[in-house]
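Okay, so here's the structure we're looking at.
The values are calculated or read from the model by the stated rules, or taken from the named source; none is laboratory data. Bear in mind that the values here come from a model prediction, so they are computed numbers and not experimental data. So basically every Cβ, Gly included, is an ideal-geometry build from the backbone, and we count neighbours across all protein chains shown. Just the protein is used for accessible areas: all its heavy atoms, side chains included, with ligands, DNA and RNA removed. Shrake-Rupley method; radii C 1.70, N 1.55, O 1.52, S 1.80 Å.
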Amino acid sequence: MASFNLNLTNRPPADFGVRNGAGAAVTRETIVNLSWDPALDPDGDAVSYALSWRPSEQSSPSVITTMATSQLMTGLAFGVTYYWSVVAQDNYSATRSMAGGATQ
C-alpha cells in the first residue's frame with residue numbers, strides 16, 4: 001500500500017491599481033464613480049472585491065462586496081473628503097490589496 005501527501009497551493013490575485021478615484025476623493029459632486037483594474041488570479045480562480053469606503057469624520061468604513069471593477073457612489077456630501085480602498089479576494093480567501101496600500 002502506498003501513501004502520499006498532497007499539498008495544494010493557492011496564490012493570491014495579482015497586483016492591481018486604481019483607474020479612477022485615486023483612493024481619496026474630495027467631493028464637489030454628490031456622485032463619484034470609483035474604478036480599479038481587474039485583479040487577475042494566477043490560479044484562474046474567480047475574484048471578488050471588497051470596497052471599503054468612509055468619510056473623513058467616520059472611523060470605521062462601510063464595505064461593499066462586488067464582482068465588478070467599478071462602483072458608483074451616490075449621496076455624497078459636498079466638500080467632504082472620502083477615503084476608499086479595495087481588496088481582491090479569490091474564492092479560496094487569498095487576498096491582495098490595491099496598489100498603494102490598504103487605505104488611501
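Data overview
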item	result
Residues of segment 61-104 classified as of a type in the set (Phe, Trp, Tyr) and either more than 22 Å from Glu29 (Cβ to Cβ) or touching a helix residue (DSSP H, G or I) at 6+ places or on another chain (Cβ under 6 Å) (or both), total	1
Hey, Leu8 at pLDDT 95 or above and among the hydrophobic types (A, V, I, L, M, F, W, C) or not	no
Residue pairs meeting the criteria (Cβ under 6 Å; at least 6 apart or on separate chains; first at positive phi, in segment 7-22; second open to solvent by less than 100 Å² (accessible area, probe 1.4 Å))	Gly21/Leu34
Selection count where residues are in contact (Cβ under 8 Å) with a residue 24 or more places away in the chain and either open to solvent by 60 Å² or more (accessible area, probe 1.4 Å) or part of a strand (DSSP E or B) (or both), scope segment 41-55	10
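Rundown of residues vs (1) closer than 19 Å to Asp15 by Cβ; (2) in a strand (DSSP E or B); (3) open to solvent by 30 Å² or more (accessible area, probe 1.4 Å); (4) modelled with pLDDT under 95, yes/no style:
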residue: Ala39; (1), (2), (3), (4): yes, no, no, no
residue: Glu57; (1), (2), (3), (4): no, no, yes, yes
residue: Leu72; (1), (2), (3), (4): no, yes, yes, yes
residue: Leu76; (1), (2), (3), (4): no, no, no, yes
residue: Gly79; (1), (2), (3), (4): no, no, yes, yes
residue: Ser85; (1), (2), (3), (4): yes, yes, no, yes
residue: Arg96; (1), (2), (3), (4): yes, yes, yes, no
residue: Ala99; (1), (2), (3), (4): yes, no, yes, yes
